[in-house]
1. At 1.4 Å probe size, what's the solvent-accessible area of A:Arg203? Round to the nearest 10 Å².
2. Which pairs in the list A:Lys379/B:Lys159; B:Lys159/B:Lys224; A:Lys163/A:Lys227; A:Lys240/B:Lys379 are over 25 Å apart, alpha-carbon to alpha-carbon?
3. Report the charge-dipole magnitude of the stretch A:116-187 in Debye, nearest 20, computed about the Cα centre from +1 at each Lys and Arg Cβ and -1 at each Asp and Glu Cβ.
4. If you project the alpha carbons of the stretch A:49-115 onto the principal axes, what extent comes out on each, in Å, largest first?
5. Which length gain, in nm to one decimal place, applies between A:Glu395 and A:Ala46 when the Cα-Cα distance is subtracted from 0.36 nm times their residue separation?
6. I need the inter-copy label distances for B:Pro156: point set 7 Å along Cα to C-beta, values in nm with one decimal, smallest first.
7. Once you put a point 7 Å from the Cα of B:Glu187 and another 7 Å from the Cα of B:His168, both along the Cβ direction, what distance in nm separates them?
8. Residue by residue through the stretch B:298-309, which ³J(HN,Hα) values in whole Hz follow from phi under the Karplus form 6.51 cos²θ - 1.76 cosθ + 1.60 (θ = phi - 60°), with glycine and proline marked x?
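The values are calculated or read from the model by the stated rules, or taken from the named source; none is laboratory data. Everything numeric in this text was worked out from a predicted model, so none of it was measured. All Cβ positions, even for glycine, are placed from backbone atoms using ideal geometry, and neighbour counts span all protein chains on display. What goes into the accessible areas is simple: the full protein's heavy atoms, side chains included, and nothing from ligands, DNA or RNA. Shrake-Rupley method; radii C 1.70, N 1.55, O 1.52, S 1.80 Å.
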Protein chains: 2
Amino acid sequence: LGKTLNTHLSTLAHALFPLGLRIQRQTTVPDGLSIGDALREAIPRADVIMVTGGLGPTSDDVTRETVSEVIQAPLVFNPSVWQAIVSFFSQRNRPVPENNRKQAFVPQGAEVLPNRNGTAPGLWIRSFLEGKERLFVLLPGPPAELQPMLCDEVIPRLKEWAKSPVLHEATWSVVGMGESAVAQQVESFLQELWDCEYGYCARNGQVDIRFISRCEKRIEEAEKFFKEKFGIRIFRSDGKPLESLVIAEANAKRIFIATAESCTGGLIAHRLTNVDGASRVFRGGWVPYSDVLKERMLGVDRSLIEEHSSVSAAVAAAMAEGALRFSQADLSVATTGYAGPSGGDQHNPVGTVFIAWSQKGMQTDCERLFLPMERESFKQRVAQIAIDGLRMRIENFYSFLSSPGLTTKSSK
Amino acid sequence: LGKTLNTHLSTLAHALFPLGLRIQRQTTVPDGLSIGDALREAIPRADVIMVTGGLGPTSDDVTRETVSEVIQAPLVFNPSVWQAIVSFFSQRNRPVPENNRKQAFVPQGAEVLPNRNGTAPGLWIRSFLEGKERLFVLLPGPPAELQPMLCDEVIPRLKEWAKSPVLHEATWSVVGMGESAVAQQVESFLQELWDCEYGYCARNGQVDIRFISRCEKRIEEAEKFFKEKFGIRIFRSDGKPLESLVIAEANAKRIFIATAESCTGGLIAHRLTNVDGASRVFRGGWVPYSDVLKERMLGVDRSLIEEHSSVSAAVAAAMAEGALRFSQADLSVATTGYAGPSGGDQHNPVGTVFIAWSQKGMQTDCERLFLPMERESFKQRVAQIAIDGLRMRIENFYSFLSSPGLTTKSSK
């Protein structure tokens, strides 16, 4: 029905790629009989058939039953799966619904993949069909259950199963440049680099260069070239979200962070606190969505707002400085802008944003950007640039601090 | 390779649903020969075959050629398509690459769907195959080209082509109950309801019941039943995110909102500010991630934290009350908990969270929940329950206010 975006193909393809496994076909079918058709059609075509979803407790969840029928392995009750389901509910002080009992039935010979985040176990099934062994991997549909299970249970087993050669993989990222601008700078170098595969991926204002080689030395060569080309703007992300690099580096250097977000509305704080270990370096954040709270929360002078309007370099800087002062952090970032679709004025139309970074003993920096796009993309884009600014400042932290006697000055 | 998320299925399904057309199967294949296989397999199965992507000018774009071969309609040069391509480039002051010439070839008998946003024309092809007429609709891959073409060119043609009856659709949602618990309460009623289709979808601590019928009256009957069963806990979401309902209702009633988030780290504020119109009712939020900021930002008594620890009902309530007081909002929500993976104590292990709602002139409510799950899911789940609590309080706002003389009391 199109109500849920299919993120599984992307998740699976990403995870399988370094194992040398390529997805030959992805099929989506409605609940019911067509699941069996899709399975039967896949068997002559594939060595590995991964099935996602339909492992839940309700009557429309029939994947388990259908696979059992297609591979002719009867479902048998598995007491340890049932035990896991019972303890899942009892940990949450909820009675076990009788419906969930069906989740404890497992095709004979299947290996159970434990689910730490739900009641549906994954299943790993090797079955001899049409003269050949096929591997079926059944995974729960909710991404929060599928992704950890893929990582912890499936990939290690597949690595062994596929016996694929070791591939070395690296991803570098640049924020705030377009895909073609990045490609123009590196394409000829990469084309001449021997024994490697690469690709670009642009998302959310960040361009990733994904790189694979059998030879580890190629990665060092590429890294050296990229650093010469882009300097501090490029970083080795290896597919990790930017915020996790920021939190790790801030932890390593004991740098405390604070945020003051108007137009990003808490997204920067949310992303930083998604990272385990954030509480050791993230002091806290403010979301002064109304002008009066910019004043009351962060001590932004009312006259500044009246003179420059709340979407201005002066107010962004004052917000960043207020956040630094109140939280006694080492580094802060502030955002103020017009996310749209309404708002804005003649000089600063919808899409205008000011991002300020303030750092103990340093002059506050402020950037003005124009990002005319739909509201949520705007927030994501601004947050990405703001967090990348934190990353660069943390990376350079001690060199910036060469003159610690400087008093704080804003860029207004 | 998984670099691009497939949004087409969702886009198409959404657009086709009200026409009474259901997607029976969605297939993704790599560039090349497998496109032909996928087409040939689809022909006996479907009346309409929609193909997206592969209409570009490069050598790996072979959809046009493959369709022409499968339906045995030779490609012929179409001068008016070529004219459109030439003027696309000349409007942008760019020379026409010779590569693009192939985009002007069209299977004999095809109707051209103009592309206002790119060079690849869409194609509408009726072909008599295997004893029956099939309709092929070829659309360009980039969403920015596909979506307007779908809207402007395809849907009007399909409406006429399908001559389908009008279908009525509704989605109801419940937060904080499991899928099977919800199903247990409604399944037998729904099974006996005549002339309808339904399904459940669980995500992020919310269960959706999706409902479709040719008869609008069925929707009223279902709504009445659900309201009797679940009361204020169930709401008509129609697939909209919870926060957009909250912001719309707060706008309608002029209720101002504030947030104070420790363990959700800004996610509630972020979600509320994703909604256009948030700035009219969302005053702002605090993210006091460290104990000292709970004190400094929201005036939470240090002695409360020392006595009860920062993860406690008393501190949650004090945070909610502080947010209400400082922002002069009408309604606030506060969260404090152990998101994990580390942290927690004997009485309150990782996964424990306290959510408090404070409302002008009312006693502050606090809920303790135990949600042992991975960090990001924990935050999403807590935010969902917190925002649903806002929804229920906004819905009941004036009835709650029946004794406006009450002084604020916390639940500590």
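1. Approximately 140 Å² of A:Arg203 is accessible to the 1.4 Å probe.
2. Violating the 25 Å Cα-Cα cut-off are A:Lys379/B:Lys159; B:Lys159/B:Lys224; A:Lys163/A:Lys227.
3. The calculated dipole for the stretch A:116-187 is roughly 340 debye.
4. Cα spread of the stretch A:49-115 along its principal axes, largest to smallest: 37, 23, 19 Å.
5. Here the segment from A:Glu395 to A:Ala46 would lengthen by 121.0 nm.
6. When each copy's label point is compared with this one, the spacings are 5.9 nm.
7. In this crude spin-label approximation the distance works out to 2.7 nm.
8. Once rounded to whole Hz, the list reads 10, x, 6, 4, 4, 5, 4, 5, 5, 6, 9, 6.
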